[in-house]
Amino acid sequence: MNQLDRLTELKIKDKEKFQKIFSKTIKEIQDKRFIVNFGEKQFNDYYLITEENRLNSYFIHIVPKEAYDLFKDLQIKIPNDFLGFSVLAGKLNNKDIRVSCFGVECSKLGKSLFKGN
């Protein structure tokens, strides 16, 4: 089974919660209230993974617990590519800051930005 098949088979619980975290993170970056800390931070049902140099950008990935193993696998296998839908949220040290939410459909994430969740 390839990674795309594995991604489509993921059963992410409470996608609305991750939509809210996604849009909130972007807003906090735009308002300069988000502190970029590199590495992984584990929460109850998701991880916040910040990469310092993917595609010459800082990437903040919101990764639901159900998607963590697949994300880590892809993070290693495709280090120079996007790992799903991402949004340019700001700049830090003359580099873009991008936010992604792995395993949640881009249509849902895009809607969360317009709804102001």
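Where a number appears in this text, it was derived from the coordinates with a stated rule and is not lab data. As the structure is a prediction and not an experimental result, all values here were calculated from the model. Backbone-built Cβ (ideal geometry, glycine too); neighbour counts: all protein chains shown.
Excluding PHE43 itself, calculate the net charge of residues whose Cβ lies under 15 Å from the Cβ of PHE43, where each Lys or Arg counts +1 and each Asp or Glu counts -1. Write down the numbers at each step before the final one.
Numbers: positive: LYS13, LYS17, LYS20, LYS24, LYS41, LYS65; negative: ASP14, GLU40, ASP45, GLU66.
Result for the local shell: +2.
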Per the helix-only model, the chain has a calculated mean residue ellipticity at 222 nm (DSSP H runs of ≥4, -39500 (n - 2.57) each, divided over all residues, rounded to the nearest 500) of -11000 deg cm²/dmol
Of LYS27, LYS17, LYS91, which has the largest mean-square fluctuation in a 10 Å C-alpha GNM of the chain?
-> LYS17
Would you look at the GNM of the chain, springs on alpha carbons closer than 10 Å, and say which of GLN42, GLN30, GLN75 moves the most?
-> GLN42
Of SER100, ILE49, LEU113, farthest towards positive along the dipole that unit charges on Lys, Arg, Asp, Glu beta carbons give region 12-117 | LEU113
Size of the dipole of the chain about the Cα centre, Lys and Arg at +1 and Asp and Glu at -1 on the beta carbon, nothing else charged, in debye to 20?
-> 460
If the cut-off is 21 Å between C-alpha atoms, which lysines fall inside it for LYS20, apart from same-chain ones fewer than 8 positions away?
-> LYS11, LYS32, LYS41, LYS65, LYS108, LYS111, LYS115
Difference of contour (0.36 nm per residue) and Cα-Cα distance, ILE78 to LEU48 | 8.9 nm
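Averaging sequence separations of C-alpha pairs under 8 Å and six or more residues apart, then dividing by the length of the chain, give the relative contact order as a whole percent.
On the way: 176 pairs, mean separation 35.2, N = 117.
So the answer I get is 30 percent.
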Binning every alpha carbon pair distance of region 45-93 at 5 Å from zero, what are the percents per bin?
-> 5, 19, 33, 26, 13, 5, 0
Under the Debye formula (equal points on every Cα, no solvent term), log10 I(q)/I(0) of region 1-54 at q = 0.15, 0.18, 0.23 Å⁻¹ = -0.60, -0.83, -1.10
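Below 8 Å between Cα atoms, with a sequence gap of 6+, how large is the relative contact order for region 48-117 in percent?
Working: 94 pairs, mean separation 22.2, N = 70.
Result for region 48-117 is 32 percent.
Averaged over all directions, how much area does the convex hull of the C-alpha atoms of the chain cover when projected, in nm²? Walk me through the numbers before you get to the answer.
Details: hull surface 27.6 nm².
Over all viewing directions, the chain projects a mean Cα-hull area of 6.9 nm².
Taking Rh as the Kirkwood radius computed over C-alpha pairs, what is the Stokes-Einstein D of region 65-117 at 4 °C in a medium of viscosity 1.567 mPa s, expressed in µm² per second?
On the way: Rh = 12.6 Å.
In µm²/s, the coefficient is 103.
For region 24-117, what is the percent of antiparallel DSSP beta bridges, rounded to the nearest 5?
Working: 17 of 23 bridges.
Taking every DSSP beta bridge within region 24-117, about 75 percent pair in antiparallel fashion.
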